[in-house]
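Contents: one structure, followed by commentary.
The values are calculated or read from the model by the stated rules, or taken from the named source; none is laboratory data. Just so it is clear, the structure is predicted and the values come from calculations on it, not from any experiment. With ideal geometry, Cβ positions are generated from the backbone for all residues, glycine too; neighbour counts draw on all protein chains shown. Only protein heavy atoms, including side chains, enter the accessible area calculation; ligands, DNA and RNA are left aside. Shrake-Rupley method; radii C 1.70, N 1.55, O 1.52, S 1.80 Å.
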Amino acid sequence: MKASLEHLDTQENASFQIKEVIQNRFDAPYHYHSAFELTLIIAGEGKRFVGNQITDFNPGDLVLLGANLPHCWQNNRQDWLEETEETQQAQALVIHFTADFLGPEFFNKPECRAISQLLDKARGGFAIQGPTQDRVAREMLGLKDLPPFARLISLLNILHAISNAGADAQ
């Protein structure tokens, strides 16, 4: 399967993008982009394709993907063959950010060393599970209701939590 390049729209007055996806089924093709991606599956189940790995996804699935890493989510076949008006069979919250969204040197600061290592680890993508998954999911769900500066601080807290997740981030 060949991945296509996706150009992400930038949000006015924001250094990173938060996107709520609500569809009958996930329909994004196998693609890649220059941003990191943190995805929380809220509804839907099926297969997650990341690089050359295929795994199941379910509600609560939380993954961090590196820049330029091909990926897509495909609902189980029975989900997308059903004739239904239900528009929330596939729902996700997606955050896109670049490595330099806070400036080219921000993550090189000593205080950010753990997050810098996290971003290196994300090159191949990984899932976040356990208590860290629960904490990050709750914080992600509250992001869209926050004012801009609080949203930024919350994203940094999310990245910090994941960088300290240990065995929860595989």
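A few comments on the model shown:
- Residue check, ALA99 more than 17 Å from ASN164 (Cα to Cα) and open to solvent by less than 20 Å² (accessible area, probe 1.4 Å): no
- Test: ASP134 is in a helix (DSSP H, G or I) and modelled with pLDDT under 95: no
- Candidate set: the stretch 143-160, residues that are part of a loop (DSSP other than H, G, I, E, B) and surrounded by 11 or more Cβ atoms within 10 Å (Cβ to Cβ); chosen: the one modelled with the highest pLDDT: LEU146
- Residue match in the stretch 67-78 (condition: at pLDDT 95 or above, open to solvent by less than 70 Å² (accessible area, probe 1.4 Å), among the aliphatic types (A, V, I, L, M) and not in a loop (DSSP other than H, G, I, E, B)): no
- Taking every residue in the stretch 130-144 that is under 16 Å from GLU37 (Cβ atoms) and pairing it with any residue that is assigned to a helix (DSSP H, G or I) and not aliphatic (A, V, I, L, M), at least 6 positions away or on another chain, the pairs with Cβ-Cβ distances below 6 Å are LEU143/ARG151; LEU143/SER154.
- Selection status of GLN170, open to solvent by 60 Å² or more (accessible area, probe 1.4 Å), modelled with pLDDT of 95 or more and over 13 Å from the mean Cα position of the chain (by Cα): no
- For the stretch 1-42, taking the residues that are in a strand (DSSP E or B) and in contact with a Phe, Trp or Tyr (Cβ under 6 Å, 6 or more places away or on another chain), the one that is least open to solvent (accessible area, probe 1.4 Å) is identified as ILE41.
- Within the stretch 46-66, being buried (at least 16 other Cβ atoms within 10 Å of the Cβ) and either touching a residue at least 40 places away in the same chain (Cβ under 8 Å) or in contact with a helix residue (DSSP H, G or I) (Cβ under 7 Å, 6 or more places away or on another chain) (or both) holds for GLY46, PHE49, VAL50, ASP61, LEU62, VAL63, LEU64, LEU65, GLY66.
- Number of residues in the stretch 94-115 that are polar (S, T, N, Q) and within 23 Å of ARG138 (Cα to Cα) equals 1.
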